[in-house]
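Have a look at this one before I ask anything.
Nothing in this text is a laboratory measurement; each read-out follows from the coordinates by a stated rule. No experiment lies behind these values; they were computed from the predicted model shown. Note that each Cβ is placed from the backbone with ideal geometry, even for glycine, and that neighbours are counted across all protein chains shown.
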Amino acid sequence: MTDADIHRTALHKQILGVWRIEQPRLITSLSRMLRDVPLAEDLTQEALIAALEHWPVAGVPDKPGAWLMATAKRRALDHLRRVRMLSQKHGMLAHDLAQEQQTMPDFDSALDDDIGDELLRLIFTACHPRLSREARAALALRMICGLTTEEIARAFLVAEATIAQRIVRAKRTLSDSGLAYETPRGEELSERLASVLEVVYLIFNEGYTAARGDEWLRPQLCNDALRMGRVLTSIASQEPEAHGLLALMELNASRIAARTDADGEPILLMDQNRALWDLLQIRRGQLALARACELGGAGGFYALQAAIVACHAGAETAEATDWPRIAALYADLAALVRSPVIELNRAVAIGMAEGPLAALAIVDGLADEPALRSYHLLPSVRGDLLQKLSRFDEARAAFEDAAALAGNTRERDLLLRRAATAARAARTTLD
């Protein structure tokens, strides 16, 4: 690869990185303006294409977010002119947009709007009951996290073509039905709440462990999800799962400072410096979990997960972790939701509570699960158990298989390092 190729690749990554950060702001701003979420998402994509064409020639602007916002709004004006919308509503919008272009507004100020409520409004729109549950989450992840179809498919453990169809159908439904860009109230809010909680949960997860890219963490997504979770507990204050989700996110986020080293490399839970865990955030998570339990939601999907993370948060050292309780909580979770991923997590807890051999039996029983065939954590967990059993050659092979499936560069590198460690151990054993 030439120096020019390396430069182009680096610039391309930089542009995509900026766009992924700014995408939610662009879509929410255009959705509020046009009252058309699919159109806003299309115009945001056009702004990205314009950046990919323009920035390699002219250079990345000093205020890339403002440049993308201005470009997207110009595209919105062009669209309104092109299709010659005659209704008074669209005529007024076109006039307002034309005025904005003439007066050159401060786009940086627009980017500083209270994005939390706008993001939540966008999620509520995407989670309309007319859309299927799966389509709601896929569409929201596409618009808010900037995830590709492939990444969303990986998150749901389904085929990429299936996700693509869901997104296309969801956008068509939103466009054809003229659904309002709004935060519903009363019964309508309750109808959508479960899906909204799921989307916020998936957004946080993508920020906490990025599916792809060069960084393991996407802190802005975690912060956005936390902010929306706090808003949800205020507008749905009697919903235990809203408090359970907030507890889960607060408790997980308390570990963020300890999850990577100075170079951004991942640090696994058992190796983290617990002095870096945020005690104030742990306390907020514990209070939210207590509120979920007070409301009768101790056995809810998010509250059970929060209780698991609370076990880790309450242990002063890795050795002091109450693994039998964690295994029991995972059993409760598995009884509530049948999922091979939950069963895999339960195996990890059993491995810590009862030993790696007991856990390996569970993991090997999951080998034929269709949903886990491309799930990198299955061979990763298996490699960890095999290493603890001193079956180093098998552990190396498992870690290499996991690395081949991992989409995130940092995670792939970590798995390859673990494979190399297992290989050295195997050679030492032979010597």
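What is the fewest-to-most order of Met69, Met33 by other Cβ atoms lying within 10 Å of their Cβ?
Sorted ascending by nearby Cβ count, the order is Met33, Met69.
Let me ask something else. Going by alpha carbons, how many degrees (0 to 90, nearest 10) lie between the helix axis of 186-208 and the longest principal axis of the chain?
Roughly 60 degrees between the two axes.
May I ask for the angle, rounded to the nearest 10°, between helix 160-177 and the longest principal axis of the chain, with both axes built from Cα atoms and the value confined to 0 to 90°?
30
Would you look at the GNM of the chain, springs on alpha carbons closer than 10 Å, and say which of Leu386, Leu197, Leu226 moves the most?
Looking only at Leu386, Leu197, Leu226, the largest GNM fluctuation is found for Leu386.
Assigning unit charges at the beta carbon (Lys, Arg +1; Asp, Glu -1) and nothing else, what dipole magnitude in debye, to the nearest 20, does the stretch 217-321 show about its Cα centre? Walk me through the intermediate numbers first.
On the way: 9 positive and 12 negative charges, 66 e Å.
Magnitude of the dipole: close to 320 debye.
Counting only pairs 8 or more residues apart or on different chains, how many lysine pairs in the chain have their Cα atoms under 23 Å apart?
Lysine pair count for the chain: 5.
Quantify how much of the Cα-Cα distance distribution of the chain extends past 34 Å, in percent.
Values: 34235 of 92665 pairs.
Percentage above 34 Å: 37.
Right, next: Hey, what number do you get for the chain at 222 nm if only DSSP H runs of n ≥ 4 count, each worth -39500 (n - 2.57), divided across all residues, to the nearest 500?
-24000 deg cm²/dmol
Sticking with the crude label model, points 7 Å out along Cα→Cβ, report the distance from Ser190 to Ala320 in nm, one decimal please.
About 4.4 nm separates the two model spin labels.
Something else: With labels modelled as points extended 7 Å from the Cα through the Cβ direction, what inter-label distance (nm, one decimal) is found for Thr9 paired with Glu394?
Between Thr9 and Glu394, the simple spin-label model gives 3.7 nm.
Rounded to the nearest Å, what's the spacing between the alpha carbon centres of the stretch 1-61 and the stretch 354-431? Just the number, please.
37
Here's another thing I want to ask about it. Can you tell which of Ala306, Ala58, Ala328 shows the greatest fluctuation in a Gaussian network model of the chain with Cα springs below 10 Å?
Ala58
In degrees, nearest 10, range 0 to 90: what is the angle between the Cα axis of helix 88-103 and the longest Cα principal axis of the chain?
Result, in degrees: 90.
Based on the Cβ-Cβ distance of Ala367 and Gln220, what FRET efficiency does E = 1/(1 + (r/R0)^6) give at R0 = 41 Å, to the nearest 0.05?
For Ala367 and Gln220, the calculated efficiency is 0.65.
Show me the GluC sites (Glu not before Pro) within the stretch 225-325 that DSSP assigns to loop and that have at most 10 other Cβ atoms within 10 Å of their Cβ.
Loop-located and lightly packed - Glu316.
Go ahead and set up a Gaussian network model of the chain, Cα springs under 10 Å, then flag whichever of Leu30, Leu80, Leu43 fluctuates most.
Looking only at Leu30, Leu80, Leu43, the biggest GNM fluctuation is shown by Leu80.
Near Thr317, within a Cβ-to-Cβ distance under 14 Å, what is the net charge of the other residues, with Lys and Arg +1 and Asp and Glu -1?
Spelling it out: positives minus negatives among the neighbours equals -3.
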